[in-house]
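Peer 1: Handing you a structure now.
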Amino acid sequence: MTALVLDDVCKAFGKVEVLRNIDLAVEDGEFVVFVGPSGCGKSTLLRVIAGLEDATSGRIAIGGQPVNGVPPAKRGIAMVFQSYALYPHLNVRDNMALGLKQEGAPRTLIAERVAEASRMLELGAYLDRRPAELSGGQRQRVAIGRAIVRQPRLFLFDEPLSNLDASLRMNTRIEIAALHRSLSAAMIYVTHDQTEAMTLADRIVVLRDGRVEQIGTPMELYNNPANRFVAGFLGAPS
Ligand code: ADP
Ligand code: MG
């Protein structure tokens, strides 16, 4: 099954075209990384996939179902942002549980899912704390936990590690790779960090000015960049 299909997706804000004719298929279980310069449309593309923005034209399917016009909560996706977006007045347990509660999931199921996610992310000792009582790395793990408990078929990460310092960034990257192996869900991950892109990706999508410049495995792009722009992003000599 294909987790995501984008067919000729365009997005304009007023007269400004931000996404131009994006075609992409992501397979179940695949880890796809979007890279490209600031302002090239990476976040907008994630938001269009998530349903937080409507595409101006083109078709989007998630798990084989067309989702144009379907609200974010019903798309089978979960999104993790750079800014965590945790609720300050809720403890870790309730922050993780909130999405499932809003979907009307039974309490026992919610408790099971939260326990499982906090085990995976080593958050068990912090369940009663509020976000202000956590480190940046712990907060980001809560944000990831909140996504995991919903068991989405597709995870969307928008530069999730860019607020963390270098050593935490590496640890969290390794955790995300381990999660991907154990969850076998499809993941789309935006980063401007070359190491993250090269180590996490099954395939990398290079975006430039709202278009797909090249798609390939890290090795394909490294060894055969389509042009200097792609080479510049992945650090291969050009
Ligand atoms: P990236 O994540 O790659 O840095 P974005 O997707 O955030 O890029 O932005 C792509 C372009 O779209 C930028 O020029 C940005 O200013 C513009 N943009 C993003 N969101 C909006 C919006 N809500 N209204 C108008 N322009 C927007
Ligand atoms: Mg962005």
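Peer 1: Exactly one condition in (1) more than 16 Å from ligand 1 (Cβ to nearest atom); (2) at pLDDT 95 or above; (3) of a type outside the set (Ser, Thr, Tyr) is false for Ala73; which is it?
Peer 2: With respect to (1) more than 16 Å from ligand 1 (Cβ to nearest atom); (2) at pLDDT 95 or above; (3) of a type outside the set (Ser, Thr, Tyr), Ala73 is out only on (2).
Peer 1: Give region 21-36 a look and list any residue that's within 16 Å of ligand 2 (Cβ to nearest atom) and more than 13 Å from the chain's Cα centre (by Cα), or say none.
Peer 2: The answer is Ile22, Gly36.
Peer 1: For region 177-203, enumerate the residues that are in contact with a strand residue (DSSP E or B) (Cβ under 8 Å, 6 or more places away or on another chain) and within 16 Å of ligand 2 (Cβ to nearest atom).
Peer 2: Ile188, Tyr189, Val190, Thr191, His192, Glu196, Ala197, listed by residue number.
Peer 1: If the requirement is being at positive phi and either within 13 Å of ligand 2 (Cβ to nearest atom) or touching a helix residue (DSSP H, G or I) at 6+ places or on another chain (Cβ under 8 Å) (or both), which of these qualifies: Gly14, Gly76, Gly39, Gly63?
Peer 2: Result: Gly39 is the single residue among Gly14, Gly76, Gly39, Gly63 that is at positive phi and either within 13 Å of ligand 2 (Cβ to nearest atom) or touching a helix residue (DSSP H, G or I) at 6+ places or on another chain (Cβ under 8 Å) (or both).
Peer 1: Separate question: Quick one: in region 93-117, which of the residues that are within 16 Å of Leu183 (Cα to Cα) and modelled with pLDDT under 95 is farthest from the chain's Cα centre (by Cα)?
Peer 2: Glu116
Peer 1: Which one of these is within 14 Å of the chain's Cα centre (by Cα) and either in contact (Cβ under 8 Å) with a residue 12 or more places away in the chain or surrounded by 14 or more Cβ atoms within 10 Å (Cβ to Cβ) (or both): Arg59, Arg153?
Peer 2: Answer to the check: Arg153.
Peer 1: Would you say Gly124 is surrounded by fewer than 22 Cβ atoms within 10 Å (Cβ to Cβ) and on the phi < 0 side of the Ramachandran plot?
Peer 2: yes
Peer 1: Could you check how many residues of region 78-92 are at pLDDT 95 or above, surrounded by 16 or more Cβ atoms within 10 Å (Cβ to Cβ) and hydrophobic (A, V, I, L, M, F, W, C)?
Peer 2: Going through region 78-92 one residue at a time, the tally reaches 1.
Peer 1: Just checking, which of Ser43, Ser83 is closer than 26 Å to Leu161 by Cβ and either near ligand 1 (Cβ under 10 Å from one of its atoms) or of a type in the set (A, V, I, L, M, F, W, C) (or both)?
Peer 2: The match here is Ser43.
Peer 1: Going through Ala12, Ala25 one at a time, which residue ends up being part of a strand (DSSP E or B), under 18 Å from Val206 (Cβ atoms) and of a type in the set (Gly, Ala, Ser)?
Peer 2: The conditions single out Ala25.
The values are calculated or read from the model by the stated rules, or taken from the named source; none is laboratory data. Note that the structure is a prediction, hence the values are computed from the model and not measured. For neighbour counting, all protein chains shown are included, and Cβ atoms are generated from backbone atoms with ideal geometry for every residue, glycine included.
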